[in-house]
Structures are given as C-alpha cells and as structure tokens.
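What follows is a single structure, written as structure tokens, with notes after it.
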Amino acid sequence: PLFRSETFKTDFKIFKRFRLDHEKRDFVSAGAAAGVAAAFGAPIGGVLFALEEGASFWSQSLTWRIFFCSMTSSFVLNLILSGVHGEIGQLSNPGLINFGVFEGNA
C-alpha cells in the first residue's frame, strides 16, 4: 500500500485516498504521459498516448491532470538540458530522443 510501512509502523493517513485502484491507474497513466512527453518533447503526444493506452476510463479531470504532468515533465527536462548544455534558461532542447536537425533549402 502507498505511503504505509509495516516495518516502521507508520501510516500517512492523508494519502489514504490514493490507495484506491482507480487512483493507482490514474498515476500510471500520468507517469506514462510524463515519460513520453520527456522522451520526445511532445506533451500533447504524451496525453494522447496515456489516454489511448493507459487510462481505463476517460474523464475530463483525468485529462487535465495528465496534461499538467506532461507539461511539467517536459519543462523540467528542458530546463535540466539547458543547464547541461551551458545555456541555463534557454528552453530549446525538446527531448531526449532526437531524430536529427532538419534544414530547409529556402
């Protein structure tokens, strides 16, 4: 069970609501959306993937929670990558998987 330890005899009762099965499924859907959003730099793609593959039932509140999770993971990864590349605050690193740079012949 979430946030409960038999070893330390602790139980955080404020998280009791998150022990329900449908809440666990929603957490997994949000995690899948965050992973896709971070990997490909596509928060909307993460939301669509999670709703199609991970969510048992569609609800508007679940969609907004998944969208927030996707946007947050994409932003945090972008911020971390900007620091790694030495351009802190320059949010132009879309994701971990890159298929190359496409240059136009204009």
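The values are calculated or read from the model by the stated rules, or taken from the named source; none is laboratory data. What you see is a predicted model; the values in this text were computed from it and never measured. All Cβ positions, even for glycine, are placed from backbone atoms using ideal geometry, and neighbour counts span all protein chains on display. Heavy atoms of the whole protein, side chains included, go into the accessibility calculation; ligands, DNA and RNA do not. Shrake-Rupley method; radii C 1.70, N 1.55, O 1.52, S 1.80 Å.
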Check: Which residue pairs have Cβ atoms closer than 9 Å, lie 6 or more positions apart in sequence or on different chains, and pair a first residue in the stretch 57-68 that is under 12 Å from residue 23 (Cβ atoms) and touching a residue at least 12 places away in the same chain (Cβ under 8 Å) with a second residue that is outside any helix (DSSP H, G or I) and open to solvent by less than 70 Å² (accessible area, probe 1.4 Å)?
Finding: 62/55
Checklist line | Residue satisfying all of: in the stretch 27-44; open to solvent by 30 Å² or more (accessible area, probe 1.4 Å) and part of a helix (DSSP H, G or I); nearest to residue 95 (Cα to Cα) among these | finding: 40
Margin query: Name the single residue that is farthest from residue 38 (Cα to Cα) among those in the stretch 80-101 being open to solvent by less than 80 Å² (accessible area, probe 1.4 Å) and part of a helix (DSSP H, G or I).
Written below: 83
Note to self: One residue is enough: does the stretch 54-77 have a residue meeting the conditions outside any helix (DSSP H, G or I), of a type outside the set (Asp, Glu) and open to solvent by 70 Å² or more (accessible area, probe 1.4 Å)?
What the structure shows: yes
